[in-house]
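Undergrad: Please read through the structure below; I'll follow up with questions.
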Number of protein chains: 2
Amino acid sequence: MDVQRPTEEDIDEIELLTQPGREDDLRTFLLLLHPADVAELVSEIKEPAARAVLRFLEPTQAAQLLSELEPSEQRRVIDLLGVDRASEVVANMETDDATDLLQDLEDGEAKVLLTRLPASEQRALRKLLKYEPDTAGGIMQTELVYVSAGSTAKKALDAIRNASPDIDIISVFVVDDVHRYAGNVPLKKLVLAQEPALVEEIMEPKIVEVTPEVDQEEVARIFDHYSLVELAVVDSDGQLIGRITADDVHEVLIEEAEEDMLKMAGTGADPEVIDSDRLSRVVMLRLPWLLSTFIAGLLASYILQSAHLMFSTAVVLLAFVPVITGMSGNVGTQSAMLMIRGMTLGNITSESLLRTVSRDAAVAAIMAVICGGAAASIIGLWQHDWALGACVGVALAFSMVIAGILGSIEPPILSRMGIDPAVAAGPLITSINDISGALIYTLVASLFLQYLK
Amino acid sequence: MDVQRPTEEDIDEIELLTQPGREDDLRTFLLLLHPADVAELVSEIKEPAARAVLRFLEPTQAAQLLSELEPSEQRRVIDLLGVDRASEVVANMETDDATDLLQDLEDGEAKVLLTRLPASEQRALRKLLKYEPDTAGGIMQTELVYVSAGSTAKKALDAIRNASPDIDIISVFVVDDVHRYAGNVPLKKLVLAQEPALVEEIMEPKIVEVTPEVDQEEVARIFDHYSLVELAVVDSDGQLIGRITADDVHEVLIEEAEEDMLKMAGTGADPEVIDSDRLSRVVMLRLPWLLSTFIAGLLASYILQSAHLMFSTAVVLLAFVPVITGMSGNVGTQSAMLMIRGMTLGNITSESLLRTVSRDAAVAAIMAVICGGAAASIIGLWQHDWALGACVGVALAFSMVIAGILGSIEPPILSRMGIDPAVAAGPLITSINDISGALIYTLVASLFLQYLK
């Protein structure tokens with residue numbers, strides 16, 4: 001691998017270079033590193049050294065560094081910079097990154113930073129801060145280069161020349177005479193344009209645009225669907241107000257995948273559950289997700305307990321409850337996950353839904369016969385009691401099939417109820433399966449009871 | 001929302017337009033749609049209409065359409081096109097997309113298509129097909145524009161002009177005199193360059209490069225770390241052999257997130273588990289993941305069953321096993337997931353590991369006291385048996401704490417053993433918790449036995 005990342009030696013070296021008298025060496029060392037690598041370094045070195053490094057960075061370098069950091073690290077760097085330097089650095093950040101940063105700071109701190117920014121920057125950020133963080137408005141930036149459709153290609157080139165050197169330009173945006181978004185001129189076309197070409201002759205007309213309220217997940221889907229590198233954001237009149245770039249969508253994809261995993265693990269999707277240092281806060285965030293399991297566990301126990309008299313004559317049956325609940329929970333989660341995947345691919349109609357559910361039920365049935373047979377044989381041999389083995393095997397097989405079916409119908413039902421189906425692949429399905437498993441086990445056991453020792 | 005997607009009306013309209021005699025209207029209709037939308041349409045309309053649509057597309061349009069489709073839809077379109085037309089279309093695809101397509105076809109079909117391609121295309125694809133699909137080599141494309149460092153900016157412009165019009169150009173790659181990758185000239189810099197600038201004066205020197213064997217997850221991490229839009233792929237001598245673009249990384253991110261979710265759900269990471277139409281294949285892919293749960297369930301049953309005599313005197317105790325296993329499974333999964341997230345963020349040292357584990361144990365302990373207390377009160381009131389309530393409550397609390405600790409130490413242990421920790425958040429943790437839950441329950445019950453009715 002050729003990736004330059006700060007190594008142990010880099011860290012040792014930087015601690016040396018931040019000693020007094022070595023300022024020139026430090027400056028040279030920092031110039032050779034990418035801001036993303038300096039960001040990693042700053043997170044790993046001790047406070048005095050970090051402070052020295054931050055002092056030697058240009059505001060634009062520090063701005064890039066700040067954009068690369070996790071929220072908790074950002075707060076640390078803002079503190080190290082002090083409010084004067086911090087506001088200078090924030091003014092140099094891209095507006096989308098600056099908005100994210102301000103949203104993660106304490107309200108008071110964010111306000112102080114905001115009021116110290118240049119007026120135009122302040123206005124832009126105040127507007128962006130009004131959008132929800134997980135919408136198109138929350139991830140867009142206002143920095144972009146645009147020209148009107150009737151301009152010449154040369155005028156578009158001038159617009160690029162006059163733009164701030166820090167703006168990443170992928171294409172020049174084109175607007176009509178009332179500033180409505182009309183299309184883009186990719187830089188490649190501009191490079192190849194022959195004078196006196198007009199922008200409207202060489203532009204790619206708009207395919208798609210979004211308004212600021214659109215959910216970021218929908219934005220990611222649009223990027224993916226049309227293989228975009230950037231996307232225009234327009235207001236309700238169709239006027240161009242910002243753009244979203246591919247790297248913003250990377251962050252969205254990572255964030256949404258994380259959220260789904262957290263939901264599946266039954267911790268809720270609040271990232272604070274990871275970041276927060278306050279135990280009581282984490283407990284309050286995690287505890288509600290245990291509730292469905294708790295109630296379901298008690299209900300399952302209630303069912304088993306109601307059959308108390310029956311089970312006292314064959315108490316050994318109850319010992320096999322973990323096999324039933326464990327297996328049906330697992331099969332249910334498998335089926336739920338595969339259904340969620342099918343739904344994400346987006347091609348589930350009511351017809352294909354039925355096909356998927358029955359295909360899944362068939363798979364569950366085959367696995368149920370295999371596992372039920374294995375359980376019956378193992379328990380029969382081990383306990384020298386074939387009736388007991390048959391009882392557990394049959395109960396296991398039935399509860400696996402039911403679990404498979406419940407697992408695959410839950411996600412579409414939840415989704416129709418407006419609940420994120422990722423929740424279904426987690427504790428909810430296990431809870432429901434615990435109850436249905438207990439019911440099935442009790443029923444099957446009552447049928448087998450007369451044959452048991 | 002302003003997103004144009006094929007609506008029900010579009011589908012009805014296209015079915016009408018594919019009637020004989022309406023060829024001109026069909027052509028006009030198709031010209032107005034983005035290839036990604038045509039791809040959606042083709043997946044949803046019936047075979048004769050789909051065949052008619054495919055007949056009217058230009059090879060470049062059909063190539064873009066094919067790149068947008070899921071593997072199973074790609075196979076259908078290749079069949080509809082017929083081998084002659086299909087090879088013409090594949091020749092127009094970007095090499096990375098063509099490679100993916102050929103990898104998903106049956107071996108025989110892929111071979112036939114390959115031999116009908118133009119020689120240069122064939123050579124490029126055969127090379128790309130040698131790389132594993134989930135490596136940098138497997139996702140790179142060979143189409144790129146490069147010049148040597150000593151060239152003038154004008155020569156770089158000529159290189160763009162002479163390149164195939166279908167290549168997306170984000171920057172011009174720069175190589176030294178032995179074709180080793182040296183950097184990039186972003187188009188913006190080329191646009192603004194004053195004659196007679198040299199490429200080496202305006203290029204951005206390389207920050208990072210990868211060799212073809214690098215894992216695609218590492219590629220995604222590099223893109224994210226350096227906020228890249230494209231990345232050079234070089235051979236072992238550092239010579240430029242391809243590039244990876246941001247949209248390829250989107251696919252990687254989606255794929256890896258899916259894989260992790262599938263692993264957590266205990267279905268393994270093989271996407272075939274979703275795609276395959278053969279039931280027996282799906283069973284063989286899903287069944288092994290049930291094995292750990294099966295064995296753990298039997299072991300837990302064995303433990304409970306060994307205490308058989310004890311439990312016959314207080315059979316009601318066994319009815320509460322689902323509460324214990326359900327809750328400790330859930331707490332364990334929560335803790336495992338949060339630890340995995342912390343490890344993904346990449347800032348877990350052995351010191352911070354200890355801090356995270358103990359923080360998590362503290363959270364689990366608080367939740368254990370709350371849930372144990374609630375269980376004791378509910379069961380005590382319900383059964384009019386406070387000793388029973390206390391027994392279940394204490395056992396529940398202890399197994400939740402142990403589950404929390406096991407959940408957070410499992411991921412780092414698995415990861416050190418070279419096993420993907422996402423597996424841990426799934427069936428494995430539930431399995432281990434079933435066993436530890438049964439053990440703890442048996443121990444606690446034996447202590448309480450003399451007080452139970």
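Undergrad: Kindly write out, for segment B:94-101 in residue order, the coupling ³J(HN,Hα) from the Karplus curve 6.51 cos²θ - 1.76 cosθ + 1.60 (θ = phi - 60°), rounded to whole Hz, with x marking Gly and Pro.
TA: 5, 4, 5, 5, 4, 4, 4, 4
Undergrad: Residue A:145's amide H: which non-local residues (gap 5+, or another chain) put their own amide H closer than 5 Å, with H modeled 1.01 Å from N in plane and none for Pro or chain starts?
TA: For residue A:145, the qualifying residues are A:173.
Undergrad: Taking 7 Å along the Cα-to-C-beta vector as the label spot, tell me the residue B:24-residue B:12 distance in nanometres, rounded to one decimal.
TA: Placing both labels 7 Å along Cα→Cβ, they lie 2.5 nm apart.
Undergrad: Name the trypsin sites (Lys or Arg not before Pro) in segment A:1-110 that are in a loop by DSSP and that have at most 11 other C-beta atoms within 10 Å, would you?
TA: Filter output for segment A:1-110: A:46.
Undergrad: Between copies, how far does the label point of residue B:362 sit from its twins, in nm, shortest first, when each point is 7 Å from Cα along Cα→Cβ?
TA: The projected label point of residue B:362 is separated from its counterparts by 5.5 nm.
Undergrad: Between residue A:167 and residue A:46, what's the calculated FRET efficiency when r is the beta-carbon distance and R0 is 41 Å? Round to 0.05.
TA: Values: r = 35 Å, r/R0 = 0.86.
Step by step, r from the Cβ atoms, then E = 0.70.
Undergrad: Moving to a separate point now. How about residue B:130: which lysines have a C-alpha closer than 26 Å to its C-alpha, ignoring those fewer than 8 places off in the same chain?
TA: In chain and number order, the partners are B:111.
Undergrad: Can you pull out the GluC sites (Glu not before Pro) in segment A:71-112 that DSSP calls coil and that have at most 13 other Cβ atoms within 10 Å? Write down the numbers at each step before the final one.
TA: Details: sites: A:73, A:88, A:94, A:106, A:109; in loops: A:94, A:106.
The qualifying sites are A:106.
Undergrad: Defining the label point at 7 Å along Cα→Cβ, can you sort the distances from residue A:46 to the same site in each other copy, shortest first, in nm?
TA: From this label point to the equivalent ones elsewhere in the assembly: 7.8 nm.
Undergrad: Calculated FRET efficiency, residue B:287 and residue B:254, Cβ-Cβ r, R0 30 Å, to nearest 0.05? Write down the numbers at each step before the final one.
TA: Details: r = 27 Å, r/R0 = 0.89.
Here the calculated transfer efficiency is 0.65.
Undergrad: Right, another one. Would you calculate, for chain A, the mean residue ellipticity at 222 nm contributed by helices, counting each DSSP H stretch of 4 or more residues as -39,500 (n - 2.57) and dividing by all residues, to the nearest 500?
TA: Numbers: 24 runs with 299 residues, N = 453.
Helices in chain A give a 222 nm mean residue ellipticity of -20500 deg cm²/dmol.
Undergrad: For the pair residue B:382 and residue A:107, what calculated FRET efficiency results from E = 1/(1 + (r/R0)^6), where r is the Cβ-Cβ distance and R0 = 45 Å, to the nearest 0.05?
TA: Details: r = 47 Å, r/R0 = 1.04.
It comes to 0.45.
Undergrad: Given A:421, A:167, A:432, which one lies farthest toward the positive end of the charge dipole of chain A, if we put +1 on the Cβ of every Lys and Arg and -1 on the Cβ of every Asp and Glu?
TA: A:432
Undergrad: Sticking with this structure for a sec: Give me the extension gain from residue A:449 to residue A:217: residue separation times 0.36 nm, minus the current Cα-Cα distance, reported in nm with one decimal. Don't skip to the answer; put the middle values down first.
TA: Working: separation 232, 0.36 × 232 = 83.52 nm, distance 5.35 nm.
My answer for the length gained is 78.2 nm.
Undergrad: Let me ask something else about it. Between segment B:165-242 and segment A:164-185, what is the C-alpha centre distance in whole Å?
TA: 25
Undergrad: With a ≥ b ≥ c the root eigenvalues of the C-alpha gyration tensor of chain A, is it rounded (a/c under 1.5), prolate (a/b larger than b/c) or oblate? Could you put the intermediate results ahead of the total?
TA: Working: a/c = 2.99, a/b = 1.88, b/c = 1.59.
In terms of gyration-tensor shape, prolate.
Undergrad: Report ³J(HN,Hα) in whole Hz for each residue of segment A:184-196, in order, from the Karplus equation J = 6.51 cos²θ - 1.76 cosθ + 1.60 where θ = phi - 60°; Gly and Pro get x.
TA: Each residue's phi maps through the Karplus curve to give 9, 10, x, 4, 4, 5, 5, 4, 8, 5, 9, 4, x Hz.
Undergrad: May I pose another question? What is the dipole size for segment A:343-453, taken about its Cα centre, with +1 at each Lys and Arg Cβ and -1 at each Asp and Glu Cβ, in debye to the nearest 20?
TA: On the way: 4 positive and 6 negative charges, 31 e Å.
So the dipole magnitude of segment A:343-453 works out to roughly 160 debye.
Undergrad: Placing +1 at every Lys and Arg Cβ and -1 at every Asp and Glu Cβ, with all other atoms neutral, what dipole size does the protein assembly as shown have around its Cα centre, in debye to the nearest 20?
TA: Working: 66 positive and 138 negative charges, 718 e Å.
Computed charge dipole of the protein assembly as shown: roughly 3440 debye.
Undergrad: Stretch residue A:195-residue A:279 to full length: gain in nm at 0.36 nm per residue minus the Cα-Cα span? Write down the numbers at each step before the final one.
TA: Numbers: separation 84, 0.36 × 84 = 30.24 nm, distance 6.60 nm.
Stretched fully, the residue A:195-residue A:279 segment lengthens by 23.6 nm.
Undergrad: Going by the alpha-carbon gyration tensor, a ≥ b ≥ c the square roots of its eigenvalues, is segment A:150-202 rounded (a/c under 1.5) or, if a/c is not under 1.5, prolate (a/b greater than b/c) versus oblate? Write out the running numbers ahead of the final one.
TA: Details: a/c = 1.59, a/b = 1.09, b/c = 1.45.
Oblate, because a/c is 1.5 or more while a/b does not exceed b/c.
Undergrad: Using a 1.4 angstrom probe and counting only protein chains, how large is the accessible area of residue A:206 in Å², to 10?
TA: Residue A:206 has an accessible surface of roughly 90 Å² with all protein chains in place.
Undergrad: Then there is this: Evaluate the charge dipole of segment B:46-94 about its Cα centre and quote only its size in Debye, nearest 20, assuming +1 on the Cβ of each Lys and Arg and -1 on the Cβ of each Asp and Glu.
TA: It comes to approximately 220 debye.
Undergrad: Label position 7 Å from Cα toward Cβ: report the copy-to-copy distances for residue B:88 in nm, one decimal, ordered from shortest.
TA: The answer, with the shortest distance listed first, is 6.4 nm.
Undergrad: Here is a follow-up. How big is the gap, in Å, between the Cα center of segment B:285-347 and the Cα center of segment A:56-81?
TA: Between the Cα centre of segment B:285-347 and that of segment A:56-81, the gap is 45 Å.
The values are calculated or read from the model by the stated rules, or taken from the named source; none is laboratory data. This structure is a prediction, so every number in the text was calculated from the model and none was measured. In this analysis, Cβ positions are derived from the backbone assuming ideal geometry, glycine residues included, and neighbour counts consider all displayed protein chains. These area figures cover heavy atoms from the full protein model, side chains too; ligands, DNA and RNA do not enter into them. Shrake-Rupley method; radii C 1.70, N 1.55, O 1.52, S 1.80 Å.
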